[in-house]
Amino acid sequence: MKAKFEVRDICVKYGERRILDHVGLEIFEGEFCGLLGLNGSGKTTLLHAICGFIPMQGGCFVNGTDCGKLTERKRAREVALIPQTCSLEGGRTALEVVLMGYNAWLHILESPSREHREKALDIMDKLGCRGLADKDFGQLSLGQRQMVILARCMVQDTPVMLMDEPDSALDFLNKHIVLQKIRNVIQNEGKMGLITMHDPNFAMKYCDRLFLLKDGAILTQIDMRKDPECKIKRDLSTVYGRIELLKNGKEYLMVRGEDA
Amino acid sequence: MKKLCSMLLVMGMTVSLVAGCGKTAETETASAEAAQTEQETAQETEQESEQETEAETAQETAQETTYPVTLTDQVGNEVTISEQPERIVSGYYISSSTCLALGLKDRLVAVEEKVEERPIYQYAAADIMDSLGNVGSAKAFDLEACLATEPDLVILPKKAQDYAKTLTEMGIPTLVVAPESHEKLVEMIDLIGEAANVNEAAAALTAEYDEILGKIEKLTSGLGEDEKPTVYMCGTSSYLTTAPKDMYQASLITTAGGKNAGDVLEGDSWTDVSYEQILEMNPDYIIIPTNNMANGQPDYSAEQVMTDENLAEVTAVKNGDVYNMPSGYEAWDSPVPSGVLGMLWMTATLHPDLYSMDEFADDAAAFYKTFYGFDMDTSSITG
Amino acid sequence: MSKQKERIVFSGIIAAIFIAAIISVCIGKYEISLGEIRQILQGDPDVSEMSRQVLFTLRVPRTVMGILAGAGLGLAGCVYQIIFKNPLASPDIIGIAGGANLGAALAIVSVSSAGMFGIALGSFAGGFLAVFCVMLLVKATGLRSTATYVLAGIVINAVSKAVIMGLKYFADPENELAAMEYWEMGTLGNTTASKVMSVLPMFLIGLAGLILLHRQIEMMALGDNECRALGMRLGIVRTVILLLSTLLVAAVICITGLISFVGLIAPHISRLILKRNNFHTMILSGLIGAIVVLCADVLARSLYSAELPISILTTVIGVPMLVYFLCQRGRGRSV
């Protein structure tokens, strides 16, 4: 049976304000899905709710297991999160940062073994950042840091990968590099990826499906693999207003439409 | 053991009796012998005849301490001294001064820090000043410096009782003293007297107390309530602090035939007051004590008090009755062995018609001559 | 910093501690010569009983306490700085010192004959209570961010300061006030073997716990959410780590009183030397704390005829060290 990640009917309230309103979505093995929406639409809140950082109603299920009922430790074996930027300010080598990914698999007093180290280096090798292993994390460029965090996420070895605008601090080239790596990892390892993004063009290029979030609810979803141009344009405009969709080969490009 | 206990008992009674005498000041011409006779009587009446022999033994201890002796110090610890102590360390200025008064000068090997700021050492112990060790203050007692003097008796204040415990653990007999009141001071003098086998000197000193107190009592007994002036005792840090009801300094005023203005306040340590409160008390006299080091007045002067316009309406200021306690010897406002001189000085200040300052100067000089063996320059008092 | 350099740094500082410890054992107002010490260690019966007593009851415990105090404060300071992600975090920030101080003051006032052990117990209880109150406040506000902890710490500190001020006001100046001030001043001068032995178990529990949990402490340099996403049970782990470091701090300061500055500068110096902020930094911070306190104590009892308060000297020694390494860093590359 194909692996499946399901978010069912999540509601989040801050006081009286409803941030998320009955959000539900499904992601299947090897799928890289994007979560698009304007600021304040509830993208990050959704990811945090899934990770259990904030109280919520509803549930999220990884292959049928309800993550909401798991301890942090067990949950971290099912769901990994790549933050916008890593909160670490330095003082650790990149390898040490990557090794933190083993936390959910190690006993609380246990230290990573030689094998763990080897494996972590292998993963860094795969991502092309092995050369950074002994460098101080604080001295790496933002793109390099996200690569290290991606490596940590792979070390954590979870079926579900959540990403909170991992590309937002990166330059144009690094965005492409990082997103391509993430997409490769998800496809090759058969993971389920959910990424929040600001730029629909990058989302359309790298994601398989897009969920459009507005005012805490999912309006619609776009399957980039099969939906026709007119549906994509119509759906995107529900969030972004007047837009034009350009076509470049197989890829779409969204630009802001002329004012009427 | 039984003997030891009864000795202690008698000792305790002796102490409380002498203290009692001090408190009520009933004995008018109490000499050392008279006091002893009284003790004997008291022992015999209170102790039934079967204990007579033991009482007699105890009587002997008042003259000569038999070692080893076990004493109870002023925080209730039992201290056993095996031989007559020849090397005494005193970590507290009051006990150091007591040792000097009891003629233990040559057995003192170390005292507290800052001796150069206490004039009494210059007068009474100038010859041993250079050889005296420094064991620090009660707060930061220097255990090693103390041990380096190889003491066989250490006397420490209550503040330093934790250090005392350490010394006791190391096998050095250590007495903790707490001379917080006149009675406690007398108790301490007897304790040190017995510990160092100078019982006679101790008895003489406490008898002198009784005599002085009796004298003051006699002088002031005829005073009516309205003849007793209200006295405001300034604190050592500021004249906006005063001695409340249960403080030693308050008893000083009462003994000398005055009313303590601070009696309206509860407490037993310097208490802050406002100008308003002083105006309300409206004292007839304002007294500025000697500072704790006894080498001068606190950081403010009588002039400052006199010229403080907030106090201009106070009777004492209007009449110019603001006085400094004499400096240059000891802090007579505190329970030091010469503390009775403070009471005498207070009497002379409040009631010059009953007891003149010249008489006081003579009495003070006699006191220091007898117990500390130096001639006091009385010009600072009478002049 | 390469592994080899790191090894040199560690062996260097351990050697320095060893030398300082020997000096510390030899120096004091009571004279014991090196030869005498050797005789005592060889069990020679000719040495005076008092020398032996001074060595074993005062000198050696004092030296050991100096090392323990510095190590405990340095290590705990480093842990606080890591888990509160605040370079100014020290026992003060989260209210431990304030609470411990209050506990000690209460013990001094309420138990009339409070010896060192009563005070010790009070400071333990006070420190733990402070941490507990901080946790409670954090829970009450519902915000689990670092800032809330620091704010709660400030609240606890303010409350304990106020209560202490009140206690001081009503304290008996001759005895209780003196004891409180003595405790706030800090000294190793009243360390005895029995006192060291009585807090050693607590110290070792705290130390061992922190060393065992070092991976978790290292991870807490991450943001709260990141920690949780990596599978850390943040609430429990943070509580345990805070309790362990409080145990360490309380075990030290209940004997020595408050020794200022060590918990703050040792971690900084350690980070500046290693240019890292990991387990090794924690250990080095402890070692640096130990050498600073040892040197300060040796100076405290030899500079002047009376003993000086140790906090003066830890500051005097620590500040130039910190400035030196800061300048080094300025010249080199930033951490």
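Please give the strands (runs of 3 or more DSSP E) falling wholly within the range A:1-88 in which 2 or more residues are free of Cβ contacts under 8 Å to residues at least 12 places away in the same chain and in contact with a Pro (Cβ under 8 Å, 6 or more places away or on another chain). Give the steps one after another, and end with the answer.
Working: elements: A:4-14, A:17-28, A:32-36, A:57-62, A:79-82.
It comes to none.
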- prompt: Does B:Ala138 satisfy being touching a residue at least 40 places away in the same chain (Cβ under 8 Å), closer than 20 Å to B:Val75 by Cα and facing chain C (nearest Cβ under 7 Å)?
  reply: yes
task: Restricting attention to helices (runs of 4 or more DSSP H) lying wholly within the range C:191-304, give those where 1 or more residues are on the phi > 0 side of the Ramachandran plot.
output: none
- line: Restricting the range B:237-280 to residues that are under 24 Å from B:Gln304 (Cα atoms), surrounded by fewer than 22 Cβ atoms within 10 Å (Cβ to Cβ) and in contact (Cβ under 8 Å) with a residue 60 or more places away in the chain, the one farthest from the other protein chains (Cβ to nearest Cβ) turns out to be B:Ser238
message: Out of A:Leu246, A:Leu210, A:Leu236, I need the residue that is in contact with a helix residue (DSSP H, G or I) (Cβ under 7 Å, 6 or more places away or on another chain) and part of a strand (DSSP E or B). Which one?
response: A:Leu210
field: Pairs with Cβ under 6 Å, 6+ apart, first in the range B:163-185 and closer than 16 Å to B:Asp142 by Cα and facing chain C (nearest Cβ under 10 Å), second at pLDDT below 90 and part of a helix (DSSP H, G or I)
entry: B:Met170/C:Gln53; B:Met170/C:Thr57
query: Can you name the residue in the range A:163-195 that is touching a residue at least 60 places away in the same chain (Cβ under 8 Å) and in a helix (DSSP H, G or I) and is also farthest from A:Ala151 (Cα to Cα) among such residues?
result: A:Gln187
- prompt: Are any residues in the range B:110-139 among the aliphatic types (A, V, I, L, M) and crowded, with 22+ Cβ neighbours inside 10 Å, and if so, which ones?
  reply: B:Ala110, B:Val111, B:Ile120, B:Ala125, B:Val135, B:Ala138
message: For the range A:82-122, give me each residue that is under 20 Å from A:Leu170 (Cβ atoms) and at pLDDT 90 or above.
response: A:Ile82, A:Ala94, A:Val97, A:Val98
- prompt: For the range A:236-260, which residues satisfy the criterion of being surrounded by 15 or more Cβ atoms within 10 Å (Cβ to Cβ) and in contact (Cβ under 8 Å) with a residue 24 or more places away in the chain?
  reply: A:Leu236, A:Val239, A:Tyr240, A:Tyr252, A:Met254
statement: The one condition C:Ile317 fails out of (1) buried (at least 18 other Cβ atoms within 10 Å of the Cβ); (2) out of contact with any Gly (no Cβ under 9 Å at 6 or more places or on another chain); (3) over 26 Å from C:Ile94 (Cα atoms) is (3)
message: Could you check the range C:65-89 and list, in sequence order, the residues that are more than 14 Å from chain A (Cβ to nearest Cβ) and either surrounded by fewer than 24 Cβ atoms within 10 Å (Cβ to Cβ) or touching a Lys or Arg at 6+ places or on another chain (Cβ under 6 Å) (or both)?
response: C:Ile67, C:Leu88
- request: Inspect all residues belonging to the range A:100-107 and state whether any of them is at the interface with chain C (Cβ under 8 Å from one of its Cβ atoms), touching a residue at least 24 places away in the same chain (Cβ under 8 Å) and in a strand (DSSP E or B).
  value: no
query: Taking C:Val138, is it at pLDDT below 80 and of a type in the set (Val, Ile, Thr)?
result: yes
- prompt: How many of the residues making up the range A:63-76 are surrounded by fewer than 19 Cβ atoms within 10 Å (Cβ to Cβ) and in contact with an Asp or Glu (Cβ under 9 Å, 6 or more places away or on another chain)?
  reply: 4
Residue that is farthest from the other protein chains (Cβ to nearest Cβ), among those in the range B:121-135 that are in contact (Cβ under 8 Å) with a residue 40 or more places away in the chain and within 25 Å of B:Glu194 (Cα to Cα): B:Ala124
query: Can you name the number of the only condition in (1) more than 8 Å from chain C (Cβ to nearest Cβ); (2) over 26 Å from A:His48 (Cβ atoms) that A:Ser111 fails?
result: (1)
message: If I filter the range B:148-157 for residues that are closer than 25 Å to C:Ser51 by Cβ, touching a residue at least 24 places away in the same chain (Cβ under 8 Å), among the aliphatic types (A, V, I, L, M) and out of contact with any Cys (no Cβ under 8 Å at 6 or more places or on another chain), do I get at least one hit?
response: yes
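The values are calculated or read from the model by the stated rules, or taken from the named source; none is laboratory data. This one's a predicted model, so the numbers in the text were calculated from it and none came from an experiment. Cβ sites come from the backbone with ideal geometry, for glycine too, and all protein chains shown count toward neighbours.
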